[in-house]
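Here the structure comes first, spelled out in structure tokens, and everything after it is commentary.
The values are calculated or read from the model by the stated rules, or taken from the named source; none is laboratory data. It should be emphasised that the depicted structure is a prediction, and the values quoted were computed from it without experimental measurement. With ideal geometry, Cβ positions are generated from the backbone for all residues, glycine too; neighbour counts draw on all protein chains shown. SASA here: full protein model, heavy atoms, side chains in, ligands and nucleic acids out. Shrake-Rupley method; radii C 1.70, N 1.55, O 1.52, S 1.80 Å.
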Amino acid sequence: MFLCSCKNMNYFFSPPSLDDLIHLLKAWRFWVLGALIGAILGTVLFYIAPPPYRARATVNVDFNIEEAWPDENDRQQIYYLERETRKLVEIAWSDVVMQTVADETGTGAASLRDEVLSLSQPSEAGWHFYADHRDKAKAQALASAWALTFTEQAQADMASQVGLNALARLDAVQVANLPVSRSVSQATYMMSGAVGFLALSALLVLFIKPKKV
């Protein structure tokens, strides 16, 4: 038995031979079938345990760089954009904004940062505020509340003239009837299922030695 076990281990750790690779390539029917089975399994999983809904709100940000730095060079303008962008990101994730959104939606403030909200923004133009939730309407409410609270807090900061440049302009352009989709698409589930099933199939073909007749 020990000798048999050693032979199996040697086969397992040995590099694939040319015959192994040829055997792998010849199994093309198995790969086609495996990809189909994997895609079907991924689709089934998508409907049995679907990912949460993701709603998106949009705030348009204009730093008015031409007025803020009319006579400065490109390097100073880029530094200005980076600095103001960092300030806005800090406001978006600030305790005040998170607590306000939590109070308005009845969601724990800690979970908002860790599990629910995500921010995608360029330096200027549309900033997208995403919220994930199992309930479609709740996802929309969270994204809308976050975008509106962020806009109000940023405008208050500009009005105080102690933080953001007062020349910047923020406009919540999409906070009602928000677009909603699944946080992970069905196509991603199908692709992951196909790739995962094919990977397992490759292991079976390469490491399970067929019996010689």
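Measuring between their Cα centroids, the stretch 105-130 and the stretch 76-96 lie 15 Å from each other. In this structure the amide hydrogen of R182, modeled in the peptide plane, comes within under 5 Å of the amide hydrogens of R54, none closer than 5 places in sequence on its chain. Each 10 Å bin from zero holds the following percent of Cα-Cα pairs in the stretch 132-193: 19, 32, 24, 17, 6, 1.
Taking 0.36 nm per residue of sequence separation and removing the Cα-Cα distance, the Q77/R29 pair yields an extension gain of 11.4 nm. Note that the stretch 144-159 has calculated 3J(HN,Hα) couplings of 5, 4, 5, 5, 5, 5, 4, 4, 5, 5, 5, 5, 5, 5, 5, 5 Hz, one per residue in order, obtained from phi through the Karplus relation 6.51 cos²θ - 1.76 cosθ + 1.60 (θ = phi - 60°); glycine and proline are x.
Computed on the stretch 96-210, with alpha-carbon pairs under 8 angstrom and 6+ residues apart, the relative contact order is 18 percent. Distance between the 7 Å Cα→Cβ label points at R169 and D95: 3.5 nm.
The stretch between I37 and D62 holds 4.1 nm of extra length on full extension. This uses 0.36 nm per residue minus the Cα-Cα distance. The H on the amide N of N64, modeled in the peptide plane, is under 5 Å from the matching H of R169, each at least 5 residues off or on a different chain.
A straight chain from A202 to D135 at 0.36 nm per residue would run longer than the Cα-Cα distance by 20.2 nm. Taking θ as phi - 60° and the Karplus parameters 6.51, -1.76 and 1.60, the scalar couplings of the stretch 94-106 work out to 5, 4, 4, 5, 4, 5, 5, 4, 4, 5, 6, 10, x Hz in sequence order, x denoting glycine and proline. Under a 5 Å amide H cut-off, with hydrogens placed 1.01 Å from N, V173 pairs with T58, V59, N60 among residues at least 5 apart or on other chains.
For the stretch 158-200, the solvent-accessible area of protein heavy atoms averages 60 Å² per residue (probe radius 1.4 Å; ligands and nucleic acids excluded). Taking θ as phi - 60° and the Karplus parameters 6.51, -1.76 and 1.60, the scalar couplings of the stretch 186-196 work out to 5, 4, 5, 4, 5, 5, 5, x, 5, 5, x Hz in sequence order, x denoting glycine and proline.
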